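Notes for the one structure printed next.
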Amino acid sequence: MKNQLSNRINNLPVSETLAMAAKARELKAEGKDIISLSLGEPDFNTPDFIKEAAKQAIDANYNSYSPVDGYLDLKQAVCAKFKRDNNLDYKPSQVVVSTGAKQSLANVSMVLLNPGDEVLLPAPYWVSYSAIVTLAEAKFIEIPSTIDTNFKITPQQLEAAITPKTKLIFFNSPNNPSGTIYSEKEYRALAKVLEKHPNIYIISDEIYEHINYGKPVFSFAKIESMYNRTITINGVAKAFAMTGWRIGYIGAPEWIAKACTKMQGQITSGANCIAQRATIAALEAPVSKIQYMVDEFKKRRDMILELLGEIDGFELNIPGGAFYVFPNISGFFGREIKGYKINTASDFSMFLLNEANIATVSGEAFGAPNCIRISYAASESQLREAVKRIKEAIN
């Protein structure tokens, strides 16, 4: 009955990360010992002080509809966070709280894009960016990068990609899937190009900002000429191990924030009231309260880079943040291993799943067809076992 469905849903791809996670769960249910390194989800529990705030909210009878754009005191906490961590000045009227940063991204895209508009996606990019653009009936244009440039685009590439139809560009630093962090100097060089094109808006997705390993994270909206054209996206999923709490938020020009509130009012209305109260506690806490998770991620990053570096055919860069490695595995293309013909990154991912019982995600989904994404948001013992299995499968 696919022909009875809308073109909108038929044209929408399935999330590759969720599809691989589902496949891994199926194999686990069949009794296979699968190590899943496919999902971008911290393996820590939500910190106790955040859970305590949620319990207090339940006891205080927070059970009614919240304002569509979020509780005022939460929006004030978001503004204080932006000032403290990013030196950005936003008013509560410029903030919209949503059911996860994914809804924040979708809201902004839906209120800014018209059919036929073009959206620039520096590749690699998170898989949902292109899907959200497709859902908004716009067209996404990839700007490619490689491991040799540490997965960063240049101002020259940006200039060459812009057309009269360009309406929006997505930036994501630290980046999913590569872990790359753009420096202030690099962002300012890209902004110089965008200054010549005043009708282009910028989404700056900073969901991984606190998961960085010593390199400061610079907010694109901090560039004075870009502030009124930039929508800063963030949330509590990654840094606070709150993926299931589903709270994201934006800081944006007020007219865009109002439009997002209007959109959200017809889709979900306000985000979960208990999760909002817990998020106030998360945002008001000093960043040092989650440093233990960042320190552990850094240890794992260093360990998995060392282990994967021992495998011929894995070309690696050093991620500056997030919790992924994104090796170039194109050296395996054209080979046959244990009866599997490896011609694409998807072939290689499926080979690892079937032969090594390791779930990864093909870089094709991220606009980088020579790579695979490996999440190291897993225990040290799991990571060691995973790399051991990969070595054995290849050898």
Within segment 140-190, residues over 30 Å from residue 37 (Cα atoms) and among the basic types (Lys, Arg) come out as 165, 167, 185, 188
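Loosely packed, with under 14 Cβ neighbours inside 10 Å and under 24 Å from residue 128 (Cβ atoms): which single residue out of 68, 78, 14, 96 fits that description?
14
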Scanning segment 301-317 residue by residue, the ones that are surrounded by fewer than 21 Cβ atoms within 10 Å (Cβ to Cβ) and under 30 Å from residue 246 (Cα atoms) total 1
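Consider residue 281 carefully, then state whether it is touching a helix residue (DSSP H, G or I) at 6+ places or on another chain (Cβ under 8 Å) and either under 30 Å from residue 65 (Cβ atoms) or among the aliphatic types (A, V, I, L, M) (or both).
Judged against the criteria, residue 281 is a match.
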Considering segment 358-378, residues that are within 22 Å of residue 18 (Cβ to Cβ) and open to solvent by 40 Å² or more (accessible area, probe 1.4 Å), and then whichever is modelled with the highest pLDDT, we arrive at 369
Pairs returned, first residue in segment 57-81 that is at pLDDT below 95, second residue that is open to solvent by less than 60 Å² (accessible area, probe 1.4 Å) and outside any loop (DSSP other than H, G, I, E, B), beta-carbon separation under 9 angstrom, 6 or more apart or interchain, are none
Note on segment 343-357: residues open to solvent by 10 Å² or more (accessible area, probe 1.4 Å) and either in contact (Cβ under 8 Å) with a residue 12 or more places away in the chain or assigned to a helix (DSSP H, G or I) (or both) are 344, 346, 347, 350, 354, 355, 357
For residue 296, state whether it is open to solvent by 10 Å² or more (accessible area, probe 1.4 Å), of a type in the set (D, E, K, R) and more than 22 Å from the chain's Cα centre (by Cα).
no
Within segment 350-385, the count of residues that are more than 16 Å from the chain's Cα centre (by Cα) and over 21 Å from residue 330 (Cβ atoms) comes to 9
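Only residues that are open to solvent by 10 Å² or more (accessible area, probe 1.4 Å) and either within 30 Å of residue 152 (Cα to Cα) or in a helix (DSSP H, G or I) (or both): list them for segment 379-395, please. Outline the logic, then answer.
Kept after step one, since they are open to solvent by 10 Å² or more (accessible area, probe 1.4 Å), are these residues of segment 379-395: 379-382, 384-385, 388-389, 391-392, 394-395.
Once the filter is applied, which keeps residues that are open to solvent by 10 Å² or more (accessible area, probe 1.4 Å) and either within 30 Å of residue 152 (Cα to Cα) or in a helix (DSSP H, G or I) (or both), segment 379-395 yields 379, 380, 381, 382, 384, 385, 388, 389, 391, 392, 394.
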Note: among 204, 173, 178, just one is within 14 Å of the chain's Cα centre (by Cα) and free of Cβ contacts under 8 Å to residues at least 40 places away in the same chain, namely 204
Scanning segment 244-264 residue by residue, those open to solvent by less than 10 Å² (accessible area, probe 1.4 Å) and under 15 Å from the mean Cα position of the chain (by Cα) turn out to be 247, 248, 249, 250
Among (1) assigned to a loop (DSSP other than H, G, I, E, B); (2) free of Cβ contacts under 8 Å to residues at least 40 places away in the same chain, residue 84 falls short only on (1)
How many residues of segment 87-106 are of a type outside the set (A, V, I, L, M) and out of contact with any strand residue (DSSP E or B) (no Cβ under 6 Å at 6 or more places or on another chain)? The answer is 8
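The values are calculated or read from the model by the stated rules, or taken from the named source; none is laboratory data. Computed from a predicted model, the values in this text were never measured in an experiment. Virtual Cβ from ideal backbone geometry, glycine too; neighbours counted across all protein chains shown. The accessibility values were calculated without ligands, DNA or RNA, using every heavy atom of the protein model including side chains. Shrake-Rupley method; radii C 1.70, N 1.55, O 1.52, S 1.80 Å.
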